[in-house]
Amino acid sequence: MRTRIYLPGGILLLVVVLLLVALVPGLSLAADTPKADPLADSVCASCHGDQAKAFLNNPHDRSLAAKGWRVDAICEACHGSGTKHAEAGGDKAFINGMKDLSGAEACLKCHNQIGDHACSNCSPVGAKASKGALIDTASHLTGSHAPQPAVNCLDCHSIHSATFTAPKLLKKPQLDLCESCHPTTVAAFRNKPYTHRVGRGGIQCTSCHEPHGRQGKAGMKLTRAGEPACVGCHAEKKGPFVFPHAGDVAGDCTTCHQPHASNNPHMLVQPTAMQLCLNCHTQLGGAKTLGAQPPAVHNVSLARWRNCTTCHTAIHGSNRSPQLFK
Ligand code: HEC
Ligand code: HEC
Ligand code: HEC
Ligand code: HEC
Ligand code: HEC
Ligand code: HEC
Ligand code: HEC
Ligand code: HEC
Ligand code: HEC
Ligand code: HEC
């Protein structure tokens, strides 16, 4: 019974929808009418057709076009005015080829995090990249990857790369990119037995490193709470614990772990846990002693005492046991 009532109702609805579609012309046509060709009156495209066409998918074009910029104006935001270049039939002398270091410096016109007033007349109004795409120049310009002849924006990014699907316009997949200048580091990840499996399972060099950051520790990524990236993934090691060990007392993760790759189980900085523990909990005493001395009952010449973490299992901290037993 129900189907009889339902069916005519459904058909009626269909008819109404079809009528509506037919009556409102834009509605049915919208899907297949091609948009006006954005390159129709582009001077640059008249000679650089392929380049300009490919560029329509570039995040630079997409974001500036959405703000009403015409294609040529977008090209010229990087390459400078092309009027003379075009008039001279493509004379290179009249266009900024954006090569090498000087080209890279032009990127900062729009990607510089320093306030607008510092650069109000070098970036075309409204062209500046949005907040998420600004480089922290206060740190970048003192970092290892600060613009210099040997390494600059254009060594890592390619504006007209053939594959605009490449995230962040990187020249190569990230691991290959870093490997091109840091081959031994990357080789260690591949060859050592205990490693972070970078390139697989979501860990990348930039999970920990800020490529536009300062040197040394200050160039490491932090979590939103300002903690080392490590605890973003290994949250359970972070605490807070009632009886902390890692973190508060024994230093950060890298006092005990190698971050990249290691020959030692658990990527410890020492071949065995005992050697690591005795670095600080030395039974010899002396100026270097950091932690408590293991009580005399610990006779490390006997095997049962050597495997420290079989008893002190809560090595990163405990809420129940001051001796880090559980
Ligand atoms: C009349 C044709 C023509 C027009 C119009 C034209 N170009 Fe070119 N452009 C050329 C030719 C030809 C070359 C290659 C010159 C060479 O290799 O010696 C070139 C080279 C370039 C280069 C590379 C320069 C270098 O140092 O390698 C850039 C960048 C460029 N054009 C940008 C533009 C932009 C942006 C526009 C639009 C404002 C534009 N062109 C309009 C013909 C043109
Ligand atoms: C965000 C900056 C930027 C914008 C916008 C831009 N380019 Fe480029 N362009 C570069 C850089 C950087 C190079 C140097 C080579 C490279 O990295 O690919 C370059 C190189 C070129 C070259 C010469 C090298 C080659 O690949 O043949 C041409 C021609 C060119 N651009 C044309 C254009 C045209 C046409 C547009 C607009 C449709 C445009 N560019 C927009 C940054 C830009
Ligand atoms: C005229 C201003 C301008 C210049 C010059 C410029 N950019 Fe951009 N860039 C933008 C805008 C706008 C975006 C869009 C993303 C946004 O605003 O969030 C962008 C986005 C990017 C992105 C992010 C792409 C993504 O997938 O998220 C990269 C990487 C980038 N630019 C690199 C460069 C490099 C390298 C140069 C120098 C060759 C350069 N830009 C020059 C304005 C500019
Ligand atoms: C050593 C290689 C390297 C250099 C040099 C470099 N970048 Fe990057 N850039 C990267 C990597 C890798 C990413 C992706 C970061 C990520 O995924 O967390 C990136 C991301 C970006 C982004 C996207 C926003 C973001 O932070 O994720 C922009 C914009 C950008 N770079 C612009 C530039 C500019 C401008 C320069 C020159 C001043 C530059 N980069 C120099 C490697 C580099
Ligand atoms: C799990 C986090 C993590 C990952 C992933 C990671 N790093 Fe590191 N990296 C570190 C830490 C921590 C340091 C030491 C920083 C310090 O104390 O100066 C470091 C140091 C470095 C150094 C300085 C020299 C050295 O070896 O001590 C280079 C170069 C480096 N990393 C490159 C890379 C490259 C390339 C990749 C990707 C193949 C990568 N890192 C992946 C955490 C990481
Ligand atoms: C074009 C070459 C080049 C590329 C590509 C490159 N680097 Fe570097 N990197 C350098 C140079 C040069 C230094 C400074 C000299 C040194 O310490 O070896 C450096 C230093 C570093 C350091 C050490 C920082 C410090 O202060 O000790 C880290 C970490 C690093 N790079 C990570 C990366 C990561 C991650 C990538 C891939 C996203 C990458 N690099 C891609 C050239 C490059
Ligand atoms: C005082 C030295 C020390 C510090 C500091 C330390 N660890 Fe450990 N960690 C160890 C030892 C020792 C082991 C091996 C435990 C065992 O043998 O069962 C280990 C094991 C691990 C493991 C693998 C085993 C497991 O329990 O999942 C991870 C992951 C780990 N640590 C992450 C971290 C992180 C992240 C930090 C920083 C918050 C950190 N560690 C700080 C000593 C330390
Ligand atoms: C992006 C997430 C991520 C970050 C950031 C990260 N790790 Fe890991 N870590 C992992 C994963 C996943 C594994 C398991 C091995 C693998 O698949 O790479 C692992 C494995 C480990 C192990 C070995 C565990 C074992 O059982 O032997 C240690 C130790 C470790 N990480 C310490 C660190 C330290 C120290 C840092 C910061 C310098 C860090 N991790 C940053 C995800 C991460
Ligand atoms: C970088 C130095 C360092 C390393 C390495 C280290 N510890 Fe500690 N540990 C400390 C410090 C500092 C304390 C703080 C408490 C104290 O000694 O008064 C501590 C506390 C302890 C305590 C609790 C003692 C108490 O009085 O609260 C135990 C148990 C302990 N560590 C065992 C270990 C074991 C097992 C290892 C090896 C896996 C190890 N520690 C590695 C520095 C270290
Ligand atoms: C068989 C189990 C066992 C092993 C293995 C072991 N411990 Fe202990 N550890 C204990 C016990 C039980 C205590 C508490 C003794 C007490 O309170 O009198 C203790 C206490 C400690 C303390 C002092 C805690 C405090 O409160 O002052 C330190 C430091 C310590 N151990 C370090 C180590 C180190 C380093 C190793 C490896 C060389 C190790 N332990 C191996 C059982 C063990």
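Couple of notes before you dig in:
- Hits in the stretch 88-98 - residues which are loosely packed, with under 15 Cβ neighbours inside 10 Å and farther than 14 Å from H48 by Cα: A88, A93
- Among the helices (runs of 4 or more DSSP H) confined to the stretch 133-232, the ones with at least 2 residues that are among the β-branched types (V, I, T) are located at 183-191.
- Applying a threshold of 7 Å to beta carbon distances and a minimum spacing of six or more residues, or different chains, the list of pairs starting in the stretch 189-203 at a residue that is over 18 Å from N264 (Cα atoms) and ending at one that is surrounded by fewer than 15 Cβ atoms within 10 Å (Cβ to Cβ) reads I203/R197.
- Whichever residue in the stretch 186-204 is loosely packed, with under 14 Cβ neighbours inside 10 Å and within 16 Å of ligand 8 (Cβ to nearest atom) and, among such residues, is farthest from the chain's Cα centre (by Cα): P193
- From the list A77, A86, the lone residue that is within 25 Å of A36 (Cα to Cα), more than 16 Å from ligand 6 (Cβ to nearest atom), in contact with a Leu (Cβ under 8 Å, 6 or more places away or on another chain) and in contact (Cβ under 8 Å) with a residue 40 or more places away in the chain is A77.
- When the residues of the stretch 174-185 are filtered to those that are free of Cβ contacts under 8 Å to residues at least 12 places away in the same chain and surrounded by 12 or more Cβ atoms within 10 Å (Cβ to Cβ), the one that is farthest from C233 (Cα to Cα) is S180.
- Residue in the stretch 300-311 that is outside any loop (DSSP other than H, G, I, E, B) and either within 16 Å of ligand 4 (Cβ to nearest atom) or of a type in the set (V, I, T) (or both) present: yes
- In the stretch 234-286, residue surrounded by the fewest Cβ atoms within 10 Å (Cβ to Cβ) [restricted to those that are on the phi > 0 side of the Ramachandran plot and either aliphatic (A, V, I, L, M) or not in a helix (DSSP H, G or I) (or both)]: G286
Read the figures in this text as sums done on the coordinates, not as results from a lab. Because the structure is a prediction, the values reported are computed rather than measured. FYI the Cβ positions are ideal-geometry reconstructions off the backbone, even for glycines, and counts take in every protein chain you see.
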